[in-house]
Amino acid sequence: YQEEIQELNEVARHRPRSTLVMGIQQENRQIRELQQENKELRTSLEEHQSALELIMSKYREQMFRLLMASKKDDPSVIMKLKEQHSKV
């Protein structure tokens, strides 16, 4: 392992410093670009989650209303539905 490390260090030392610096700068740019892309993806994910939560909330509300309308005659079913809706 130590021999390989020494060999790699020697190879790196034989490369011009400007080449090493340019390589590091390029890596830094790529890292910044990836960080920006991750930030945009996180924002997009949060927006999608928010939209899905809103859609599901509206869906539950509509289903609750539909069940209430179809079960008007049975008070026990209405009470169960109200309890479930309040928990959600």
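Nothing in this text is a laboratory measurement; each read-out follows from the coordinates by a stated rule. What you are looking at is a predicted structure, and each value in this text was computed from that prediction instead of being measured. Using ideal geometry, Cβ is built from the backbone for each residue, glycine included, and neighbour counts are taken over all protein chains shown.
By the scheme Lys and Arg +1, Asp and Glu -1, what is the net charge of all other residues having a beta-carbon under 14 Å from that of ASN38? Result for the neighbourhood of ASN38: -1.
Among rounded, prolate and oblate, which fits region 1-53 when a ≥ b ≥ c are the square roots of the eigenvalues of its C-alpha gyration tensor, a/c under 1.5 means rounded, and a/b larger than b/c means prolate? Write out the running numbers ahead of the final one.
Values: a/c = 11.28, a/b = 2.88, b/c = 3.91.
Oblate shape, in that a/c is at least 1.5 and b/c is the bigger or equal ratio.
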